[in-house]
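Accompanying notes for the structure given below.
The values are calculated or read from the model by the stated rules, or taken from the named source; none is laboratory data. Values in this document were obtained by computation on a predicted structure and should not be read as measured data. FYI the Cβ positions are ideal-geometry reconstructions off the backbone, even for glycines, and counts take in every protein chain you see.
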Amino acid sequence: MMLGTKIPGMKKLTNTKKIGIYNKPKYVYIPLISQNDTNITVIAKKGDYVYKGSVIGKRKGNLRIPIHSSVSGTVVGFEERPYLNGSVVKCAKIENDFKEKEEVKKEPHKTLNHYTKKQFINLIKECGIVGLGGAGFPTYVKYDTDKPIKTLLINAVECEPYITADYALMMEKCEEILETIDAILEICHIEEGIIAVKKNNTSLIKLINSFIGTYLKIKLVEVPNQYPMGWERNLIKQVKHVTYQSLPIEKGIVVNNVSTIYAIYEALKYERPLTERVVTFTGEMLKEPKNVLVKLGTPAHEVIESLGGYKRNKNIRFVAGGPMMGVAEPNDDLIVTSNLNCVLVLKEGKESLPSECLRCGKCVSVCPAKLSPVLIKDYLKKPERLKELEPNRCIECGLCTYICPSKILVREFVKEAKKKSREG
């Protein structure tokens, strides 16, 4: 049985529009962080000229991957800027010369499958490709295994309300994405590729079916329109009818989302590092909600201005990410990063004050991780009991807050519990 619930999609603001492009930021701010790790070796110095794709810094430790400049221009200094998790991070500030210079211009490869598995892993590592669904986990790690990979599962579910970045990318780049999946299957000797799409996305299903016939190892699977169906564990259980302990590779499965697959296409075709991504700019307070291809490090307010700005500039709420799993931001100074899939701009409403917990158990009934969110909240100050409740298994989907009739911000209590648990 899949745990979760059906919630309003709110996708119509953007899902019928072509992807826009914003590529003219005067400055970009490249965050010196990788998957919340700020232990970065900084390579660029103030005054350096950098090319588009130049390595600015490199993560230390086991999962070291490079961080690239998204423009050509001059490093004018280092500044702290708002990051999508609500913190501020040190960034390399680069003045864009608008010349899009690359240090070495590569000719496009005619085919994508001419790499060995070792070359493929090294390429996506050096191109700095990470999971673009929000986690930001280095993609090469999933393929760098001695265990046989039987299934490549493409997560095209995008179940959180408002967000349509993957949907738009799949609608416009379907052939390239299928070509990339097929190439990965051949390079890594994977038996099958499965694209999982919500069954109500009929236009996308029709499009994929029009191309997929020539790819004998790839199939399309329709999944229920339920939240959080896109959660890796839920999706694997729905599609492959298996569960796992820690990682999908235990069952021979690798999961990538659509945007990550397209980033791999750019690497295989052009040896191009990750310097841009499609972001959904949406919400009732934007004049022109739209999916936009944006250079990493671009301030969000510049993109919003390019879309005509706000309907009003008062009583606005900014969210980095979607309404369920996103983080509230104080203003639009947020910068676009590889793990930012949505900027949501809503009307600031009058919040209902939380009342006492009714002990109704609704948060328990909808939790996809089968936790007891209300008990985690209750035992926040009792470490031993808290540990038994396993708050670290929370995926922060937000259903507990969404369903709570008392308007308690349950997810925030569970996030705090996770933090306490990690700290020991």
Self-check item: Criterion: at pLDDT 95 or above, over 19 Å from the mean Cα position of the chain (by Cα), surrounded by 13 or more Cβ atoms within 10 Å (Cβ to Cβ) and in a strand (DSSP E or B) - qualifying residue of 75, 71
Solution: 75
Exercise. Run down 53, 86 and say which single residue is closer than 20 Å to residue 274 by Cβ and either touching a strand residue (DSSP E or B) at 6+ places or on another chain (Cβ under 9 Å) or surrounded by 14 or more Cβ atoms within 10 Å (Cβ to Cβ) (or both).
Key: 53
Quiz prompt | Enumeration of residues in the range 47-70 that are in contact (Cβ under 8 Å) with a residue 12 or more places away in the chain and either among the aromatic types (Phe, Trp, Tyr) or more than 19 Å from residue 295 (Cβ to Cβ) (or both) | solution = 47, 49, 51, 58, 59, 60, 61, 63
Quiz prompt | Pair list, Cβ under 8 Å, 6 or more apart: the range 138-158 residue assigned to a loop (DSSP other than H, G, I, E, B), other residue among the aromatic types (Phe, Trp, Tyr) | solution = 149/143; 156/167; 158/167
Quiz item: Of all residues in the range 349-371, which are touching a residue at least 24 places away in the same chain (Cβ under 8 Å) and either surrounded by 15 or more Cβ atoms within 10 Å (Cβ to Cβ) or closer than 30 Å to residue 90 by Cβ (or both)?
Solution: 357, 362, 363, 366, 367, 368, 369, 371
Quiz prompt | helices (runs of 4 or more DSSP H) wholly inside the range 197-276 containing at least 1 residues that are touching a residue at least 60 places away in the same chain (Cβ under 8 Å) | solution = 232-240, 258-270
Quiz item: Of all residues in the range 385-419, which are over 25 Å from the mean Cα position of the chain (by Cα) and more than 18 Å from residue 357 (Cβ to Cβ)?
Solution: 387, 388
Self-check item: Where a residue in the range 311-332 is closer than 17 Å to residue 284 by Cβ and its partner, wherever it lies, is polar (S, T, N, Q) and surrounded by 20 or more Cβ atoms within 10 Å (Cβ to Cβ), with Cβ under 6 Å and at least six apart
Solution: none
Quiz item: Is it true that residue 183 is closer than 24 Å to residue 269 by Cα, small (Gly, Ala, Ser) and crowded, with 22+ Cβ neighbours inside 10 Å?
Solution: no
Quiz item: Which of the following residues is surrounded by 20 or more Cβ atoms within 10 Å (Cβ to Cβ) and closer than 30 Å to residue 288 by Cβ: 336, 374?
Solution: 336
Quiz item: Assuming residue 166 fulfils every condition listed in (1) of a type in the set (Asp, Glu); (2) surrounded by 24 or more Cβ atoms within 10 Å (Cβ to Cβ); (3) without any contact (Cβ under 8 Å) to a residue 24 or more places away in the chain apart from one, which condition is it?
Solution: (3)
Practice problem: For the range 325-341, name all the residues that are of a type outside the set (Asp, Glu) and over 14 Å from the mean Cα position of the chain (by Cα). | Solution: 328, 330, 331, 334, 335
Exercise. Identify all residues within the range 201-215 that are of a type outside the set (Val, Ile, Thr) and modelled with pLDDT of 95 or more; write none if there are none.
Key: 201, 203, 204, 206, 207, 209, 210, 211, 215
Quiz item: So residue 288 fits all but one of (1) in a helix (DSSP H, G or I); (2) in contact (Cβ under 8 Å) with a residue 12 or more places away in the chain; what number is the exception?
Solution: (1)
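Every residue, every condition in (1) outside the structural domain of residue 316 (by TED's automatic domain parsing); (2) touching a strand residue (DSSP E or B) at 6+ places or on another chain (Cβ under 7 Å); (3) not hydrophobic (A, V, I, L, M, F, W, C), yes or no:
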| site | (1), (2), (3) |
| --- | --- |
| 203 | yes, no, yes |
| 220 | yes, yes, no |
| 229 | yes, yes, no |
| 232 | yes, yes, yes |
| 238 | yes, yes, yes |
| 245 | yes, no, yes |
| 251 | yes, no, yes |
| 255 | yes, yes, no |
| 279 | no, yes, no |
